[in-house]
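Engineer: Below is one structure. I have some questions about it.
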Amino acid sequence: MIEPMAWCILAPFIGASLAFLLPGRVWRRPIAIGAIGATLASVWMLTSQVWNSGAQRMDLSGWPAPLGIGLAADGFSVFMIVMTGVVGSLIGAYALWHYSDLSDATEPAERRLFWPLWLILWGSLNAIYLSSDIFNIYVALEVITLAAVALITLSGKAEALVAAMRYLLAAFLGSLSYLMGVALLYATHGALDLVIIADQERAGLPEVGAFALMATGLALKTALFPMHFWLPPAHSKAAAPVSAILSALVVKASFYVLLRLWFGVFDGPAMYAVGILLGTLGSAAIIWGAFQALRQMSLKLLIAHSTVAQIGYLFLIFPLTARRPSGELAAAGWITEACTGVSYHALSHALAKAAMFLGAGVVLHVYGSDLLTNMRGMSRRLPITTFALAIAGVSLMGLPPSGGFAAKWLIVTAALGAGQWWWVLVILIGGLLTAGYIFLMLRWAFISEDAPIQLRPANMPIQLAALALALLSVLVGFRLEEPFQLLVIGDPFPIFDLP
Amino acid sequence: MTLLSCGYMSVCFGVASAAGAATPETPVLTSHLVYMLTACLLFCIGLFGLITRGHLMRNVMSLNVMGGGVFLFLVAVARRDAGESGPDPVPHAMTLTGIVVALAASAFALALARRIHSITGEMRLEPGDDNS
């Protein structure tokens, strides 16, 4: 029998093994395309299964939950898996060229190792989104970290190695903190399955401690301000496809786990304060990241700081879905808006950010450097890439009718409905600062420069990959109905009734 | 950073006592509680080392001390939940898997540190940081 859930994880892993075992040049392209195709087919089957017959659950090898490991797929998991699939395969299309013999930007060793590492990373991302077992999630988080760090080190340059090492130490610390939280949860509940833990009585102090440890660890991996110190160097020193994968997809995985724990496991009087704290840190990230982005002189560092800021918006979900100590919900009646808004922000940011990093990759390839001052005359020399950067910027700023606009509109609606108007202020200021750094970036592209400089020719496929991602990040704003129907399948954002 | 580690430390200790006391009819200080407190202490010592030291070798060792703390905690939980048929096997399985994961991560970190050393001649991330 074909289990789409298992194949979403297995297909990339099998592809990774094949790509590692058959490193020859002849095999690289067929294996990569085959693995992407097989994974997308599994994702498609899973999506139609969940869409037609509701949330799915599967016990691996037939062992039921307390002992075995469960896989579960509801609307939110499928949403994230589809996001990973779409963004991942377009980045893959770029990487097919970037890591081929046509490109003089890469060494043979890089070309050999990119595909195994990226496919392992993809499989573990899907494993996170499908796992119902908090220890299994730990293992997947750690595999993601190792694959992501290895991808950064591929270029072999000293600054990339140092950035990778800093990322590895931070992420290792985050994993251990998360694992300590898992140990505490097991000590209090005697179970590892999210569903079983959610069904039990809340246990008070040990649970708060477990949440503190897990939330700190996951926030460190998601690069929430002020734990974002590792992100700008790691994301900007990597090769273009790797930067796109890290910024668009990898940081979302640890956020997803935090969200699952927030909705599935933790509740109680302390949660309101925790929610406000996470929201405040998110707001600080929005302002600080955007402010830092304004000060950068290199394109990739600017985009990386923008990621720090955009991650902040994700954390606004916590104050909006928290329960006041008195027991009533802070935003009763607006929970759906808050949750769909934040999920939609994750999607449109993934598309826009991948487009920007791939666009930066084209700039780096053609101009040989990504200094903003070198981008003079780019609007005439690279019209497609300039257009892609601008369109992705529109979505990041949240101008209508982009995906970013739909997401921010929903978050603002929920914040006003909850009476927490201060988040709206933060979103508005953040939007203005975002517009600031996007225009600062584009300004250099539109300054005309007639002095002849040595440029390498840009080829069409990589420019089109960036453009496709950018267009998608706007287009997702036009069609909201199906994604929203998908997101509520299986009630992934349950709000507890206090006993 | 020091504040952060102090906060961590108090959280860990409070929680370990609570988890230890969660079993019914236990005296104040049982053997598994001693192990749990030791585990938290190890975790905090590792965290302190990681934050205050700049040498990459020490950083990797600190993370392994923290990992040791987590694994000791899991084994203590298994001992606490021991039934007639012996200790609870699930935390043991988690410990074994955790050790494998930590081994892989440490090996990778050491290889990376060696590469950094061979390229830059430094065994630390910030050059000029003489706090070894």
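Engineer: Restricting the search to the range A:353-385, which residues are within 19 Å of A:Met297 (Cβ to Cβ) and of a type in the set (Lys, Arg)?
Structural biologist: The answer is A:Arg376, and nothing else.
Engineer: A further question on this structure: In this structure, is A:Leu173 assigned to a helix (DSSP H, G or I), of a type outside the set (Val, Ile, Thr), facing chain B (nearest Cβ under 10 Å) and farther than 19 Å from A:Pro30 by Cβ? Lay out the reasoning, then the answer.
Structural biologist: Values: assigned to a helix (DSSP H, G or I): yes; of a type outside the set (Val, Ile, Thr): yes; facing chain B (nearest Cβ under 10 Å): yes; farther than 19 Å from A:Pro30 by Cβ: yes.
Taking the combined requirement at face value, the residue satisfies it.
Engineer: A further question on this structure: Count, please, the residues in the range A:375-413 that happen to be closer than 20 Å to A:Ser306 by Cβ, free of Cβ contacts under 8 Å to residues at least 40 places away in the same chain and of a type outside the set (A, V, I, L, M, F, W, C).
Structural biologist: 1
Engineer: Being under 23 Å from B:Pro87 (Cα atoms), small (Gly, Ala, Ser), part of a helix (DSSP H, G or I) and at pLDDT 90 or above is the requirement here; does B:Gly46 meet it?
Structural biologist: no
Engineer: Among the residues of the range B:74-86, are any under 19 Å from A:Gly181 (Cα atoms), among the hydroxyl-bearing types (Ser, Thr, Tyr) and more than 9 Å from every other protein chain (Cβ to nearest Cβ)? Even if it seems obvious, please write down each step before you answer.
Structural biologist: Narrowing the range B:74-86 to residues under 19 Å from A:Gly181 (Cα atoms): B:74-81.
Imposing the further condition that a residue be among the hydroxyl-bearing types (Ser, Thr, Tyr) reduces the set to none.
The answer is no, given that none of the residues of the range B:74-86 is under 19 Å from A:Gly181 (Cα atoms), among the hydroxyl-bearing types (Ser, Thr, Tyr) and more than 9 Å from every other protein chain (Cβ to nearest Cβ).
Engineer: Now a separate question. Would you check which residues across the range A:152-170 are of a type outside the set (Phe, Trp, Tyr) and more than 7 Å from chain B (Cβ to nearest Cβ) and list them?
Structural biologist: Selection gives A:Ile152, A:Leu154, A:Ser155, A:Gly156, A:Lys157, A:Glu159, A:Ala160, A:Ala163, A:Ala170.
Engineer: Are any residues in the range A:8-49 hydroxyl-bearing (Ser, Thr, Tyr) and within 21 Å of the chain's Cα centre (by Cα), and if so, which ones?
Structural biologist: Of everything in the range A:8-49, those that are hydroxyl-bearing (Ser, Thr, Tyr) and within 21 Å of the chain's Cα centre (by Cα) turn out to be A:Thr39, A:Ser42, A:Thr47.
Engineer: Just give me the residues in the range A:274-304 being in a helix (DSSP H, G or I), of a type in the set (Gly, Ala, Ser) and surrounded by fewer than 19 Cβ atoms within 10 Å (Cβ to Cβ), in sequence order.
Structural biologist: Result: A:Ala284, single match.
Engineer: Tell me, which residue of the range A:141-165 that is part of a helix (DSSP H, G or I) and hydroxyl-bearing (Ser, Thr, Tyr) is farthest from the chain's Cα centre (by Cα)? Show your work before the answer.
Structural biologist: If we filter the range A:141-165 for residues that are part of a helix (DSSP H, G or I), which is where we start, we get A:141-153, A:158-165.
Those still in the list that are hydroxyl-bearing (Ser, Thr, Tyr) too: A:145, A:153.
On the way: A:Thr145: 13, A:Thr153: 20 Å.
Across the range A:141-165, the extreme among qualifying residues is A:Thr153.
Engineer: Among the residues of the range A:49-94, count how many are farther than 20 Å from A:Val488 by Cβ and in contact with a Phe, Trp or Tyr (Cβ under 6 Å, 6 or more places away or on another chain).
Structural biologist: Selection size over the range A:49-94: 1.
Engineer: Consider the range B:91-112. How many of its residues are more than 14 Å from the chain's Cα centre (by Cα) and more than 7 Å from every other protein chain (Cβ to nearest Cβ)?
Structural biologist: 7
Engineer: Please tell me if A:Leu220 is farther than 27 Å from B:Ile119 by Cα and away from chain B (no Cβ under 12 Å). Spell out how you get there, then give the answer.
Structural biologist: Working: farther than 27 Å from B:Ile119 by Cα: yes; away from chain B (no Cβ under 12 Å): no.
Considered against the rule, which asks whether it is farther than 27 Å from B:Ile119 by Cα and away from chain B (no Cβ under 12 Å), A:Leu220 comes out as no.
Engineer: From the residues in the range A:408-438 that are of a type outside the set (S, T, N, Q) and under 19 Å from A:Phe357 (Cβ atoms), which one is surrounded by the fewest Cβ atoms within 10 Å (Cβ to Cβ)?
Structural biologist: Here the answer is A:Ile438.
Engineer: Then there is this: Could you grab me the full set of residues in the range A:305-334 that are over 20 Å from A:Val412 (Cα atoms) and part of a loop (DSSP other than H, G, I, E, B)?
Structural biologist: A:Pro325, A:Ser326, A:Gly327, A:Glu328
Engineer: May I ask you to list the residues in the range B:29-41 that are in a helix (DSSP H, G or I) and either of a type in the set (D, E, K, R) or more than 11 Å from chain A (Cβ to nearest Cβ) (or both)?
Structural biologist: Within the range B:29-41, the subset in a helix (DSSP H, G or I) is B:31-41.
Those that are in a helix (DSSP H, G or I) and either of a type in the set (D, E, K, R) or more than 11 Å from chain A (Cβ to nearest Cβ) (or both): B:Ser31, B:Leu33, B:Val34, B:Tyr35, B:Leu37, B:Thr38, B:Leu41.
Engineer: Moving to a separate point now. Scan A:Leu192, A:Leu184 and give me the residue that is at the interface with another protein chain (Cβ under 10 Å from one of its Cβ atoms) and touching an Asp or Glu at 6+ places or on another chain (Cβ under 6 Å).
Structural biologist: When all the criteria are applied, what remains is A:Leu192.
Engineer: Looking at the range A:112-134, can you tell me whether even one residue there is within 12 Å of chain B (Cβ to nearest Cβ), in contact (Cβ under 8 Å) with a residue 60 or more places away in the chain and in contact with a strand residue (DSSP E or B) (Cβ under 9 Å, 6 or more places away or on another chain)?
Structural biologist: Yes, the range A:112-134 contains at least one residue that is within 12 Å of chain B (Cβ to nearest Cβ), in contact (Cβ under 8 Å) with a residue 60 or more places away in the chain and in contact with a strand residue (DSSP E or B) (Cβ under 9 Å, 6 or more places away or on another chain).
Engineer: Kindly provide the set of residues from the range A:386-442 that are of a type in the set (Phe, Trp, Tyr), closer than 23 Å to A:Met297 by Cα and more than 22 Å from the chain's Cα centre (by Cα), ordered by number.
Structural biologist: A:Phe387, A:Phe439
Engineer: Against the definition (touching a Leu at 6+ places or on another chain (Cβ under 8 Å) and part of a loop (DSSP other than H, G, I, E, B)), how does A:Ala458 come out, yes or no? Walk me through how you get there before you give the answer.
Structural biologist: Numbers: touching a Leu at 6+ places or on another chain (Cβ under 8 Å): yes; part of a loop (DSSP other than H, G, I, E, B): yes.
Yes; evaluated as a whole, the condition is true for this residue.
Engineer: What helices (runs of 4 or more DSSP H) lie completely within the range A:335-435 and have 3 or more residues being over 30 Å from A:Pro494 (Cα atoms)? Reasoning before the result, please.
Structural biologist: Numbers: elements: A:335-367, A:378-381, A:383-397, A:403-417.
It comes to A:335-367, A:378-381, A:383-397.
Engineer: I'd like the residue in the range B:115-132 that is more than 7 Å from chain A (Cβ to nearest Cβ) and surrounded by 13 or more Cβ atoms within 10 Å (Cβ to Cβ) and, out of all such residues, is modelled with the highest pLDDT.
Structural biologist: B:His117
The values are calculated or read from the model by the stated rules, or taken from the named source; none is laboratory data. Not measured: the values here are computed from a predicted model. Cβ atoms come from the backbone with ideal geometry, glycine included; neighbour counts cover every protein chain shown.
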